[in-house]
Amino acid sequence: MVQSADLRQGNDLAVVGWLDGGHRRVPIGALKIGRIAESREPVCTNDLPGDPRIVDKEWVRREGLGSFAGYPLGFRSEVFGVLAMFARRALLEAEFERLGVFAAQAAVAIKNARLFDEVSRLSRRLEAENSYLKDEQRAELPAGIVGESAAIRRVLTDIERVAPTQSTVLLLGETGTGKELLANAVHEMSPRRSGPFVKVNCAAISPTLIESELFGHEKGSFTGALQRRVGRFELAHGGTLFLDEIGELPLEAQSKLLRVLQERELERVGGTKPITVDVRIVCATNRNLEVEVAEKRFRADLFYRLKVFTIHVPPLRERREDVPLLVYAFVRSLGNQLGHPLDRVDDTALLLLRTYDWPGNVRELHNVLERAAILARGRNIRPEDLPDLNSSSKPAGAAIQGALKQQVDSYERSLIAETLRQSDGNQSEAARRLHVTAPRCCTG
Ligand SMILES: Nc1ncnc2c1ncn2[C@@H]1O[C@H](COP(=O)(O)OP(=O)(O)O)[C@@H](O)[C@H]1O
Ligand SMILES: [Mg+2]
């Protein structure tokens, strides 16, 4: 007759005895087995009727019990149960010992099973956390995009929302604002990310060749078509086609593009058999397409087909708070490329960079820093490493003066506030400390 026991953790620590018996749960410290759990000492006795540790003498007599053996089940300092038995005959010393050996092995087996459970629970959690972190990373830093301004955050939120869909995305913004980088982010954050990302710069290809470039051509379809050629649309099958400078697309190619977008089918130039394509379109332009439509340079029906999801990428001068972040990111990577560490930018240099209007946006900033990185001495970008940044609409000199005044004003305000706090709000006391007259303080 063996009584298995189990100790639960928590405040109501208890020992489980018979699964259906009267002593199903025995508190620690109560009865024999509770006391074994508490003391962590085995109990072995061949004199049950005479043993003071046995409470229910009547039950012992009725059952004709002669002996009891109980061992704690534990590992190191942890006790998780008690193994105990009653017998009607006296037990030999060797039998007590064997039960002790069994208890020790059972304890190790229980501990193993628990550790195994714990390990699989932890590794499941780790997996979940990992995939969550990967998602986080993707969401936080798509494709090396730098910026923390509210303006760029809005753009990134839009991209996160639209990327997983099949929708056509139209990116509008001045040159150098990062439209291509963002088009790539749409692809990278979409289920098509393992497919190709194919770019066509509509402005860089001559109008006579653009159709063949987009849709391909059959051999001999026009003078110079010596070989059959697969177009960019077909190359992008299963992935994303980025049509850059879509505003420059000639009218004829526009109608063909519209047909492909509507039918998801194309014909190569000089070809006869339709080819099915599965392509997601992202396009970009720095032109005002509404004006282009009004002046009949851009097909209205194509415009409406493309502007399903439009994202306006703000110029850099409307998110100046991103300038320092971009500067440090560019300066570090330029330093790496040049093979010498570059990680500091003079305050004045930074102020110049922040206050310039950047008509060429992030691209221009990158170019300015590339030049500065070459000129730089040591780890530092100095004002003299920068070109004359006076060409902006607002003269940089005046802008710096404005920015300096802003900083001085803001410092003055915080100094006054702090002194007032230290003077418990007493204005004349604060004025005395600041060596100014009281009214100045009041207006602070
Ligand atoms: N937010 C940004 N973070 C990091 N690099 C940027 C960012 N925006 C633009 N760039 C970089 O500036 C340059 C111009 O960006 P690009 O995407 O080609 O602009 P666009 O297509 O609008 O003319 C590229 O080198 C690009 O990597
Ligand atoms: Mg571009």
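Derivation of every value follows stated rules applied to the coordinates shown; laboratory data play no part. Keep in mind that what you see is a predicted model, and the values were worked out from it rather than measured. Counting neighbours? That spans all protein chains shown, and the Cβs are built from the backbone with ideal geometry, glycine included.
Using R0 = 25 Å, the C-beta based FRET efficiency linking residue 112 and residue 77 works out to 0.90. When its C-alpha radius of gyration is set against 2.2 N^0.38 Å (N residues), the stretch 240-310 gives a value of 1.13. Dividing the Cα radius of gyration of the stretch 329-394 by its Kirkwood radius returns 0.95 for Rg/Rh. Ellipsoid fit via the Cα gyration tensor, the stretch 143-314: semi-axes of 28, 18, 14 Å, each the root of five times an eigenvalue, largest first.
For residue 111, a cut-off of 15 angstrom between C-alpha atoms picks up these aspartates and glutamates, skipping any fewer than 8 places away in its own chain: 6, 78. For the Cα trace of the stretch 147-222, dividing Rg by the Kirkwood Rh returns an Rg/Rh value of 1.08. Which pairs, out of 32/57; 199/219; 179/256; 199/273, put more than 18 Å between their alpha-carbon atoms? Correct reply: 199/219; 179/256; 199/273.
In terms of overall dimensions, the C-alpha atoms belonging to the stretch 51-124 reach 53, 26, 20 Å along their principal axes, ordered largest to smallest. A simple packing score, the average count of other Cβ atoms within 10 Å per residue, orders the peptides 115-124, 288-297, 239-248, 256-265 as 239-248, 256-265, 288-297, 115-124, with the highest score first.
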